[in-house]
Amino acid sequence: QVQLVESGGGLVQAGGSLRLSCAASGIIFSLNTVGWYRQAPGKQRELVATITSGRSTNYADSVKGRFTISRDNAKNTVYLQMNSLKPEDTAVYYCKVRVITIDYWGRGTQVIVSS
């Protein structure tokens with residue numbers, strides 16, 4: 001059974017940093033593309049960043065230059081380093097992996113950026 005567990009969220013002032021982690025079990029994370037998504041109150045869930053098995057990365061325009069996605073295959077974990085945080089980054093952050101045709105999501109971790 002595939003399980004994803006996010007951690008690392010919290011309350012931070014604008015301009016601060018957080019590092020989110022997404023730890024996987026039941027799957028060899030390194031073989032799959034993993035994405036970080038976020039959902040702010042009253043808004044649709046949106047893609048933040050992805051990393052492929054070959055470590056190619058892609059970012060939403062709103063986070064380019066501030067967020068970095070990376071993976072530690074030995075720990076079966078994907079990270080999202082978030083710097084220069086803004087109040088508009090406030091959201092619940094989720095990681096997702098697609099295995100063949102099934103999407104697996106974690107339960108999310110809350111990030112609140114105060115102005």
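Before moving on, here are some points about what is shown:
- Restricting attention to segment 16-45, the residues that are farther than 17 Å from Gln110 by Cα and not in a strand (DSSP E or B) add up to 8.
- Thr57 vs. criteria surrounded by fewer than 17 Cβ atoms within 10 Å (Cβ to Cβ) and of a type in the set (Val, Ile, Thr): yes
- In segment 98-115, residue surrounded by the fewest Cβ atoms within 10 Å (Cβ to Cβ) [restricted to those that are in contact (Cβ under 8 Å) with a residue 60 or more places away in the chain and hydroxyl-bearing (Ser, Thr, Tyr)]: Ser115
- Condition check for Thr52 on (1) in contact (Cβ under 8 Å) with a residue 40 or more places away in the chain; (2) surrounded by fewer than 19 Cβ atoms within 10 Å (Cβ to Cβ): one failure, at (1).
- Only one of the listed residues (Val63, Val5, Val48) is in a strand (DSSP E or B), among the hydrophobic types (A, V, I, L, M, F, W, C) and more than 10 Å from the chain's Cα centre (by Cα). That residue is Val5.
- Selection within segment 4-32: residues that are modelled with pLDDT under 95 and out of contact with any Phe, Trp or Tyr (no Cβ under 9 Å at 6 or more places or on another chain). The member of this set that is most open to solvent (accessible area, probe 1.4 Å) is Leu31.
- Of all residues assigned to segment 85-97, at least one qualifies as being over 14 Å from the mean Cα position of the chain (by Cα), surrounded by 14 or more Cβ atoms within 10 Å (Cβ to Cβ) and either under 14 Å from Gly35 (Cβ atoms) or not aliphatic (A, V, I, L, M) (or both).
The values are calculated or read from the model by the stated rules, or taken from the named source; none is laboratory data. Every value quoted in this text rests on a predicted model; they were computed, and no experiment measured them. Neighbour counts run over all protein chains shown; Cβ positions are idealised from the backbone, glycine included. Ligands, DNA and RNA are stripped out before the accessible areas are found, and what is left, the full protein with its side chains, is counted by its heavy atoms. Shrake-Rupley method; radii C 1.70, N 1.55, O 1.52, S 1.80 Å.
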